[in-house]
Structure formats: C-alpha cells, structure tokens
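J.: Handing you a structure now.
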Amino acid sequence: MKFVLFPLDPVHDVALKMLNRELLKRGHQTVLLPPDTKMEEVVEICQREMPDFIMVSRTVGYGAAELLARFIDMLDAAGLRKKCKVVVGGKAITKELAAELGYDAGFGERTSWEEVFAYIEGGKFERKKVAVTKVKRDITHGYTYEVRDGTFKDLLDKIADQILTWAKDRTSPGIERAKIKEKILEGEELLDDYLKLCDELVVSYFRKNVLPKKVRFITEEEKKKFERLVREINFDGKILRHGLDKPLVFVQYGTGCPFMDAMHIKVSEAWDADGVLHFDPSWGARCEGLLEGLLAHEEDGSIITLENLKLIKSALSGSTLWCVRAHRGLNTPETVLLAAHAGADLTKINMVYGSLNGGTDPERLTVDGVYALQLSAKYKLAFDIPTNEELGGVPAPKAFAGMLVVAHLGVKLGARPILKPLFCYSPDVMINDYMKDNYVDYNAGKILALRRIMDAPIWPGEPIGFMTHTEDRVQSAMTTALHAALASSLELDAITIASTDEAYARGAITVSARIDTLRAIAEAFRFFGHAKIEPTKKAEEYAEKMVNDIYETLKKVAERQDFVAALYEGLFGTREEGANPGRAGRGTVRKC
Amino acid sequence: MLSLGVLGTAKNTGKTTTLNALLKCLSEKLLALTSIGFDGEDLDHITGLPKPKVFVEEGSFVVTSEEAANHSTARLHLLRRFDIRTALGSICLYRVRGSGTVVLVGPYSSEDLLTIKEVLEKDMVEVFLIDGAINRIVPFQHSDFVILAVGASRSTNLDFLLSETRVIVKALRLPIDGRDRRIVEGLVSLEKLSSLRGEHILVESPMHILLTDELTKLEQLLNETDVAVMRKPELLCVTVNPCYPERRMEGYALARIDLSELSKAIERELEVPCLNVTQEEERLCKIVEEKIDRAS
C-alpha cells in the first residue's frame, strides 16, 4: 500500500520518521514529507500520488484542531476525502478527537505499531491488558545468613545463646496475651483472661464501649463504600524499575484512616511500588493490649486491629508485599500474630532500637522480642530490623551491632531477617563530618561493612535519604531518587521511600507528593540502569572502621554476658549518644 | 426536505448552542439531525471545559455512529446502517423513540453527507439539521441554508472577526452562474486563484475558495476576478458567541468579551442578521421559520 506521511508541524517529525521506517520494513510504499510543507502542496502531492493512506502527525494544542480540520476540508474540496483514508497521530489524540476532526482514525500516546498496522492492514488488534503482571517477590530468597568471619560468629553465637537461655524461663503480659489471642483466633472465648492483662484504655473499650480519644468506628456504610472504591480502581501500571531486578520499592502508610491508606496504597501500586509498610499510632506501643474492630484514628498512625488489617489487605494487589511493624512496643508478639493472620508478608522486630529509642523497657522488649521472633518463624513472616536509633544520635556501628544480634538470634529461631541500615544524614555523621564531601561514601561503607559480616538481604530505610530532605519538593524528590540510585548501584534488595512532604507535612501527607518521589526514582532508575555510582576510597576506609567498631561493640556485649544489662548500661549506645532505655513495661517480666 | 447547516470559524464558536436553539425553533417540523464531527460530549476534547448537550424529541431522526448512539440517553431505534465508517463505528440512521440527549458522530465528507441526504429525502423529513465541526465548511456545499457561527474563541480582535466574516459572506454571495466561464474543479488555492486573475471562472462552491488563512488576499482576488459558483447554501444569519476558552497556567477557563459592537457592525456593513443565540432565540426562530416556510 501507498502512504503519504505529513508532519503538520513546523519542526517535529520524529514519529513519522519512525512510522516510515516501520512501513518500509513491511514492504509498503511511502512518501515522507518534510515538516512545514504547506497544506495546499500536500493536497497536490496526494492528488499526484493517490496514496491509500495519508498519515498526519501533530501534537494537539488549542488552535491545532482548526489546522487539522482545515486539512480535511482541503482534501474534501479536492475530491480526495473518500479516495484515501486519513489518519492522525500525536500526543493527546484520541479516537473521539479524530472523529471530531473528521479523520478516519486517530492514535495517541503509547500506541503500539501493532495497533496501527492492525488498522492499516485490516487485522484484528486486541489491546493487551496491563502488560505488567507483577509477582510477589521474596526479599530473603537466596541468602544463607552465614556469618562470614569466624570471630564475629563466635561473638554473635555467645550473645544469642545468652539471650535465649535468659529468656527461656521468663514471660510477660505481652507474651501471655499473644498466647491467649492465638487461642481466641482459633475460636476459644478467652476475652476475660485477655483483659486481665490489658491497660485501662483497652478494658474500658471492651467493657464500657469507651473509645480512646480521636478514635471512631468505621460505619458499615463506609465499609461498603470502601469495598466499592477499591473494586472500581483500575489502572494501567507504570514501570518504576526500568528492567532492574532490584531494589524493590516500599512506601509507608499510616494516615490513621484506612480509606486514605488504601488510596495511598493504590496510587503507589499504580506507579509500580512493590510493597507497603503499615505504621500504627505511637500510643499503640505504650498501651498493654490491642483494640478490636474497624477503627479510624484522627491523627497519624493507623490502629492495629485484625479488622483494620484485613480491610487494608483487601485493598492490596496480589503482588504487593506488606509489612506490619511490631518492633518497638508492648504488643510486639501480638502484632506479629495479627499481621500473620491478616496475611502480611513481613514484620519488623528490633528490641535494641525498640528499647533504646522506642520507649519500651529493655528487659520487657527482649523477652517479648524473642517470642515475637519465634512467631515470625512459625508464621513464616520475614522480619526487617530497623536501626533508627542512628537518628537519635547512636553511631551506626553500635546500631548495626544490635541489628546483627537480632538477625543472628532470629536465624537461630528459624526466622528470616532482613538488615535495615539507614541511608541518612544522621547526627553522628554530622558531628564527625563523614559526609563532608558526598552522601555516597558513608552509606556505601555501611553496606560494604554489613556484607563483610553476614550474608543477608539488605533493605535501606526508613525512608532513604533521611535528614537530607527539605521542604522543597523538587529537592526532596531528587535526594530520594539519588539515594535510590545508590541502593540500585549497590545491588541492594529493597528501599523504603518518603513522599516529598513526609518530613514536613503539616497533617496527612498528600498523594501528589507520594507520586513526586515515585516519578523521581523511576527517572533515576531509567538514568542509571545498570551503570554504577563509584564511591571514593573513603567508602572502604569507613567500611573498615565500621567493621572494627561493630566488632568492638559485640565484644563488649559478649563479655558482659548479659544482653539486657548491656542495653541498660549503654553498650549499644550511651545516653550521651542519644540512646535512652525506655520505661514502658518496666518490671512486668516475670519468671515462669 | 430542506437542509440547514451550522458552520463555525473555529472550535467553540457556538455551533452546538445554535443547533440546540434551532431544534427548539423547528420542533413542529419533522427533523433529522447529524454532525459532521462530534457533538454532545460532556467535556471538550482539547480544553476539558463542559460542552452543551444535544437534546432531541421523540419522533426525530438522528444520524450518528453506533458507538456514539450507545452514549445517548435518548431511546434510539435503529432504522438502517450506512456503509460509512468513522473512528467511532459505522454511521446509522435512528428514530428517536424516547426524548433525551444524543451524542452525534456523523459523516466527515461532502460525499457521505450527500448520500445521507438522499436517504432522508425519502423518509419525509422536513428539515435536516447539520452541525459543523471545528472550522469545517466544505461538506456544507450541499446544504440549502447555513448559519455562520463566529465567536471570541476564534479571536478576541473584533476587527479581525469582522473582516473574516466579511470575506466569508462575500464568498457565500457569489452568484450561481454557469454561462461562458472557465470551470475550475476542486480546491482553489490562493495561488491558483491569482493565476486566474481577470478571468471569468466557475468554481464548485464558495467553500472551495475559502480554505485559506489569508482572507484579505482572498478578498482582494475576489474583487479582481469574476467568480461564480456551481452550488452554494444560502446564509440565513450570523451568530456570535462572546465566550471563549482562555489558556491558564493549568488547563483552560471560560472567559468572555463584549461582542455587541461586532454584531452591530456585521448587520450594518454586511447586511446580514447577526445575533447572540442565548439572548435572541426568538429572533433566530423568526428568521429561520420564515425562510423555511417560504422555501417549502
């Protein structure tokens, strides 16, 4: 068949040149006109050439419609309109617009050649359903958790064994509640026993129907609306990682309102995020016992109840990884239990961070943590170990020593840990000027150090670039994207990203700010692909120092022969450094 | 059957608003209705601003595409399918069985419009209303009457609008006269017309010479050449639309300017009725009814 290709544009003709290439490949005859050819001339050429198709390319803005329509009128006046098919292509062209302009067909952005040729050659074209079919990934797949250095292994074994021996004959209200809850979930009626172990806030809720402040029930009508909303959401998935296998990208939610959470999750999924993390209210960590039912919270943090978690779960795509954090409070074991029952893939446990920066008593969180790790093994929930005490001022090596202890302990209990160093501009970094020249070396040094010690998945968090963000949305998206590129360059397994207003939102974060960062990192992944970021030799120096400092910390903790005492006494970070052993749940651990 | 088209000089000059007024004016007649583009969509395909709906009464005929018919609230009964394909399905003839709104996607070319006209003649239709698209004019060469819609969306420069209208009116007033003339078929570009300067020529229709942006030059050439046409519609009146989409930082917003001076100037200088449909619907009806009654 014969084609006249006409760029109705003063300069742009790339699309038509590409179309020309494809047409020639398929054996068609073409006349490719240069941009800025006068329409009268084109009509004359078409009268001479008598093509089967006239392909017009134009980006539509206001005013372009008149030009495109004028061209059809000219063909009509010249008696050509019924002799050739006239097709328009360009950004923002839809078939409705093609109909309005008087063209036989119109093709817009993201049109495949197949679609165009199906039209031209009369074949059938079925628009493919969302081409991206995502599968849920296992972050821990392929890791052996082998401790790579014999001296480290000895120390970690010694500490972990001491913890296990210590915890063996100890229990807490948190553990007992988890045991009761497990039976309740199996159908036993043990609410009375459960409430005996709860704080007044929880007891009043169950006994007197008193809701905590700023908490309300989600109505049945709201729930129906939610279900409809989620069911009706439909999107063409975007591609975030540009062919890169890793890192998986996680976003955090926890607006207090499960509806808003669900919408943030769906938007993130639409922009190809791989996973989400549930954040609960801070008071949830300090209160013995968990509530029940569908509950909305007027402030930050979405309340952990089995019903709320199941509601969120119903909004998740099948491929989305879901982490419910349990790491820091008085309900750590029970949260792992509920997360497992609601269908979560991951949880978050770190008794060192939880007791030094999360407000929970070290003794209590150690015994609860051990039990939570057992549950995470039992229910096959991988767990990540955040080291956010670094943000409080604890030097990274001390935070890492704690993380490695918890990881090793988890492995001993049959669970699958994920290391979570921070990519951040922390107080310790500022004081010591580790990032004077760049943000790359110290973060890279952390990864080199951890990899030297243990073969485990690494997922920088939470979120990456912490303390490098400002209120400027462009800057914020940019710094997240660059940290994401660094994680990709280091071949890390996953990252957690902030929205551009996360650090400065005066209220709930906005969905457009969420998209900012997802778009920015997509661009960073596109830019770097498999190309690497090259750290300076400083990274190696930092790594070496970090390995030594981690070793020193572990050595002291092992020599102390009492993990809980080590926490109280500042071996994982002193009060001066910003580590403050918590008080919540103090004195509640008892022998059994 | 008489056919009446509404043509505009640009998008959003008020064609559909005029069409809706005509539907009311002629509600006593047996009507058929189509568009040479796309009508009745909720939002403009380019500006995203709301568009007027097209409301049809029971008993009328509607010519639209299958896909568009599905988006109409009027109950439409399929009468026949034409062998005319659009980007939104084949064109069909429907009878309205229950009043409501319609989405119109009609024939794109003069030839197809002529085919449809011939079919409708047999169906006892009294008036065939044809809505224009964007700035398209050529299909109206086969129409008996036209109304010209001009508006601020074309330009906010009143002098420009007046001179453009003047040239269009001038072209529409070219005589139908086949004697002793050189026949020039097809599109008559300015270049072609200037090469024929001083001759006595016969072109197909006024539409065949109007497809240029250089209307001043065209006007001049028309003064210097003796041009007649084979066929043409009669211009009933001009309508003005003071509203236009104004480009803003993000998207468009509706703005308006005062066009009353333009209306007066068109009536005074071009001797053709000119009105704002939203304010002078009765006057429009009077003009149209008189013409239609006299012609039939």
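The values are calculated or read from the model by the stated rules, or taken from the named source; none is laboratory data. Everything numeric in this text was worked out from a predicted model, so none of it was measured. Backbone-built Cβ (ideal geometry, glycine too); neighbour counts: all protein chains shown.
J.: Hey, could you check the range A:570-583 for residues that are touching a helix residue (DSSP H, G or I) at 6+ places or on another chain (Cβ under 8 Å) and not small (Gly, Ala, Ser) and say which is surrounded by the most Cβ atoms within 10 Å (Cβ to Cβ)?
T.: Among those residues, the one meeting the criterion is A:PHE572.
J.: Would you please list the contacts, defined by Cβ atoms under 6 Å and residues six or more apart or on different chains, that run from a residue in the range A:227-243 that is in contact (Cβ under 8 Å) with a residue 40 or more places away in the chain to a residue that is surrounded by 10 or more Cβ atoms within 10 Å (Cβ to Cβ) and among the aromatic types (Phe, Trp, Tyr)?
T.: Within 6 Å, the pairs are A:LYS238/A:TRP271; A:ARG241/A:PHE525; A:HIS242/A:PHE525.
J.: Has the range B:265-287 got any residue that is farther than 19 Å from B:THR156 by Cα, out of contact with any helix residue (DSSP H, G or I) (no Cβ under 8 Å at 6 or more places or on another chain) and surrounded by 18 or more Cβ atoms within 10 Å (Cβ to Cβ)?
T.: Yes, that holds for at least one residue.
J.: Further question: Among the residues that make up the range A:100-121, is at least one of them within 9 Å of chain B (Cβ to nearest Cβ), touching a Leu at 6+ places or on another chain (Cβ under 8 Å) and not in a loop (DSSP other than H, G, I, E, B)?
T.: Yes, the conditions are met somewhere in the range A:100-121.
J.: Going through the range A:23-61 one residue at a time, which ones are among the β-branched types (Val, Ile, Thr) and assigned to a helix (DSSP H, G or I)? Walk me through how you get there before you give the answer.
T.: Of the residues in the range A:23-61, the ones among the β-branched types (Val, Ile, Thr) are A:30-31, A:37, A:42-43, A:45, A:54, A:56, A:59-60.
If the condition is that a residue be among the β-branched types (Val, Ile, Thr) and assigned to a helix (DSSP H, G or I), then A:VAL42, A:VAL43, A:ILE45 are the ones that fit.
J.: Could I ask something else about it? If you take the residues in the range A:136-163 that are in contact with a Lys or Arg (Cβ under 7 Å, 6 or more places away or on another chain) and either of a type in the set (S, T, N, Q) or not in a loop (DSSP other than H, G, I, E, B) (or both), which one is surrounded by the fewest Cβ atoms within 10 Å (Cβ to Cβ)?
T.: A:THR140
J.: Go through the range A:44-77 and give me each residue that's in contact with a Cys (Cβ under 9 Å, 6 or more places away or on another chain), within 12 Å of chain B (Cβ to nearest Cβ) and surrounded by 23 or more Cβ atoms within 10 Å (Cβ to Cβ).
T.: Taking the range A:44-77 and keeping what is in contact with a Cys (Cβ under 9 Å, 6 or more places away or on another chain), we get A:46, A:50-54, A:75.
Of the ones still in play, those that are also within 12 Å of chain B (Cβ to nearest Cβ) are A:46, A:75.
The answer is A:LEU75, and nothing else.
J.: Identify, from the list A:ARG586, A:ARG514, the residue that is surrounded by 16 or more Cβ atoms within 10 Å (Cβ to Cβ), charged (D, E, K, R), in contact with a helix residue (DSSP H, G or I) (Cβ under 9 Å, 6 or more places away or on another chain) and touching a residue at least 40 places away in the same chain (Cβ under 8 Å).
T.: Going through A:ARG586, A:ARG514 in turn, just one is surrounded by 16 or more Cβ atoms within 10 Å (Cβ to Cβ), charged (D, E, K, R), in contact with a helix residue (DSSP H, G or I) (Cβ under 9 Å, 6 or more places away or on another chain) and touching a residue at least 40 places away in the same chain (Cβ under 8 Å): A:ARG514.
J.: Could you list all residues from the range B:31-50 that are assigned to a loop (DSSP other than H, G, I, E, B), at the interface with another protein chain (Cβ under 9 Å from one of its Cβ atoms) and of a type in the set (A, V, I, L, M, F, W, C)?
T.: If the condition is that a residue be assigned to a loop (DSSP other than H, G, I, E, B), at the interface with another protein chain (Cβ under 9 Å from one of its Cβ atoms) and of a type in the set (A, V, I, L, M, F, W, C), then B:ILE36, B:ILE46 are the ones that fit.
J.: If I filter the range B:82-110 down to residues being away from every other protein chain (no Cβ under 12 Å) and in contact with a Leu (Cβ under 8 Å, 6 or more places away or on another chain), which single residue comes out as surrounded by the most Cβ atoms within 10 Å (Cβ to Cβ)?
T.: Per the criteria, the residue is B:VAL102.
J.: Whether any residue in the range A:264-278 is at pLDDT below 95, in contact with a His (Cβ under 9 Å, 6 or more places away or on another chain) and either of a type in the set (Lys, Arg) or within 22 Å of A:LEU321 (Cβ to Cβ) (or both) is what I want to check.
T.: The answer is no; no qualifying residue exists.
J.: In addition: Cβ contacts < 6 Å: first residue on the phi > 0 side of the Ramachandran plot, restricted to the range B:8-27; second residue hydrophobic (A, V, I, L, M, F, W, C), any location; separation 6+ or different chain. Result?
T.: B:GLY14/B:ALA149
J.: If a residue counts only when it is under 21 Å from B:PRO233 (Cα atoms), which strands (runs of 3 or more DSSP E) contained entirely in the range B:98-209 have at least 1 such residues?
T.: Here the list reads B:127-131, B:145-151, B:182-184, B:200-203.
J.: Among residues belonging to the range A:282-340 that are modelled with pLDDT under 95, assigned to a helix (DSSP H, G or I) and small (Gly, Ala, Ser), point out the one that is nearest to A:LEU365 (Cα to Cα).
T.: A:ALA285
J.: Sticking with this one: Check whether at least one residue in the range A:3-18 is away from chain B (no Cβ under 14 Å), touching a Cys at 6+ places or on another chain (Cβ under 9 Å) and buried (at least 16 other Cβ atoms within 10 Å of the Cβ), and report yes or no.
T.: Checked the range A:3-18: at least one residue is away from chain B (no Cβ under 14 Å), touching a Cys at 6+ places or on another chain (Cβ under 9 Å) and buried (at least 16 other Cβ atoms within 10 Å of the Cβ).
J.: Does any residue of the range B:66-81 turn out to be on the phi > 0 side of the Ramachandran plot and crowded, with 16+ Cβ neighbours inside 10 Å?
T.: No, the range B:66-81 contains no residue that is on the phi > 0 side of the Ramachandran plot and crowded, with 16+ Cβ neighbours inside 10 Å.
Matching residues to (1) under 19 Å from the mean Cα position of the chain (by Cα); (2) over 24 Å from A:TYR442 (Cβ atoms); (3) part of a loop (DSSP other than H, G, I, E, B):
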{"position": "A:ASP516", "(1), (2), (3)": "yes, yes, no"}
{"position": "A:ARG519", "(1), (2), (3)": "yes, yes, no"}
{"position": "A:GLU541", "(1), (2), (3)": "no, no, no"}
{"position": "A:MET546", "(1), (2), (3)": "no, no, no"}
{"position": "A:LYS556", "(1), (2), (3)": "no, no, no"}
{"position": "A:PRO581", "(1), (2), (3)": "no, yes, yes"}
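J.: Could you tell me how many of the residues in the range B:238-252 are surrounded by 12 or more Cβ atoms within 10 Å (Cβ to Cβ) and either of a type outside the set (D, E, K, R) or touching an Asp or Glu at 6+ places or on another chain (Cβ under 9 Å) (or both)? Step through it out loud before you land on a result.
T.: As a first pass, look at the range B:238-252 and keep what is surrounded by 12 or more Cβ atoms within 10 Å (Cβ to Cβ): B:238-247, B:252.
Going one step further and asking which of them are either of a type outside the set (D, E, K, R) or touching an Asp or Glu at 6+ places or on another chain (Cβ under 9 Å) (or both), we end up with B:238-245, B:252.
Within the range B:238-252, residues that are surrounded by 12 or more Cβ atoms within 10 Å (Cβ to Cβ) and either of a type outside the set (D, E, K, R) or touching an Asp or Glu at 6+ places or on another chain (Cβ under 9 Å) (or both) number 9.
J.: Checking the condition in contact with a Lys or Arg (Cβ under 8 Å, 6 or more places away or on another chain) and among the charged types (D, E, K, R), which residue from B:GLU214, B:GLU224 passes?
T.: After ruling out the rest, the residue left standing is B:GLU224.
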